[in-house]
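Beneath this line is the structure, given in structure tokens, with notes to follow.
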Amino acid sequence: QVQLVESGGGLVEAGGSLRLSCVGSGGTFSDYHLGWFRQAPGKERELVARITTVGSTQYGDSVKGRFTISRDNAKNTVYLQMNSLKPEDTALYYCNADILPRPAWGQGTQVTVSS
């Protein structure tokens, strides 16, 4: 069973940067497409960024040009570099591994951006 643990969240001022990390265990990390999702209070969970097994990336419209997803399969880790943060980026950020039949999710790391 794959387990994911996120870290790197915190409180940052608008315009600042954070780097989130997600470490996986219990599976072959390089076999999975990986993603970052976020959920703000009262809103649905939304895709932030996704990276395939071959390194192709996809971003949500609201973060394009500001966030970068990357992966290090040797370290079983996926990263999310977040620059030019805005108050509307405030949310609980979750790591996801696209595993069939049941995707794996981490517990989340809180990101709060003050104005």
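Numbers for the structure displayed
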| quantity | calculated |
| --- | --- |
| Cα centroid of the range 74-115 to Cα centroid of the range 1-34, whole Å | 6 |
| Binned Cα-Cα distances of the chain, short to long, each 10 Å bin given as a whole percent | 15, 50, 29, 6, 0 |
| Nearby lysines by direct alpha-carbon distance to LYS64 (threshold 22 angstrom, same-chain neighbours under 8 apart not counted) | LYS43, LYS86 |
| Per residue value of the accessible surface for the chain (all protein chains in place, 1.4 Å probe), Å² | 54 |
| Relative contact order of the chain, defined on C-alpha pairs under 8 angstrom at six or more residues apart (%) | 36 |
| Area projected by the alpha carbon convex hull of the range 24-68, averaged over all directions, nm² | 4.1 |
| Contour excess over end-to-end distance, with Cα ends at ALA40 and LEU100 and 0.36 nm allotted per residue | 19.0 nm |
| For the range 69-115: rounded, prolate or oblate by the Cα gyration tensor [a/c cutoff 1.5] | oblate |
| Loop trypsin sites (Lys or Arg not before Pro), the range 1-68, which have at most 11 other Cβ atoms in a 10 Å radius of their Cβ (DSSP) | LYS43, LYS64 |
| Three-way shape call for the range 1-45 based on the alpha-carbon gyration tensor, with the a/c threshold at 1.5 | prolate |
| Heavy-atom accessible surface of the chain: percent carbon and sulfur, 1.4 Å | 47 |
| GNM flexibility winner over the chain from THR68, THR52, THR28 (Cα, springs under 10 Å) | THR28 |
| Potential lengthening between SER84 and THR57 on full extension [0.36 nm per residue; Cα-Cα distance subtracted] | 7.8 nm |
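The values are calculated or read from the model by the stated rules, or taken from the named source; none is laboratory data. It should be emphasised that the depicted structure is a prediction, and the values quoted were computed from it without experimental measurement. For neighbour counting, all protein chains shown are included, and Cβ atoms are generated from backbone atoms with ideal geometry for every residue, glycine included. The accessibility values were calculated without ligands, DNA or RNA, using every heavy atom of the protein model including side chains. Shrake-Rupley method; radii C 1.70, N 1.55, O 1.52, S 1.80 Å.
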